[in-house]
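The values are calculated or read from the model by the stated rules, or taken from the named source; none is laboratory data. Computed from a predicted model, the values in this text were never measured in an experiment. Cβ placement follows ideal geometry from the backbone for every residue including glycine, while neighbour counts extend to all protein chains displayed.
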Amino acid sequence: MVSQIQPPTQPEVIYLDSDGQLVANNTIQIGWIVEIKPNIERLFAGLTGNFKL
């Protein structure tokens, strides 16, 4: 008996926001990223190696 191998199917991409856009494309979310990133950089400024932002 011969059976065909089915190619793997790609799972459907589910975006986290209801508008279907990528997270970085959302105006509100990118605003928060811009607001928070400098503070995270200051918080972890003393780290070295792979942890440097």
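Per-residue answers, yes or no, for (1) of a type outside the set (Asp, Glu); (2) surrounded by fewer than 10 Cβ atoms within 10 Å (Cβ to Cβ); (3) at pLDDT 70 or above:
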position: SER3; (1), (2), (3): yes, yes, yes
position: GLN6; (1), (2), (3): yes, yes, yes
position: VAL13; (1), (2), (3): yes, yes, yes
position: ASP19; (1), (2), (3): no, yes, no
position: ALA24; (1), (2), (3): yes, yes, no
position: LEU47; (1), (2), (3): yes, no, yes
position: ASN50; (1), (2), (3): yes, yes, no
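Of everything in segment 26-45 that is loosely packed, with under 10 Cβ neighbours inside 10 Å, under 21 Å from the mean Cα position of the chain (by Cα) and of a type in the set (A, V, I, L, M), the residue that is modelled with the lowest pLDDT is ILE28.
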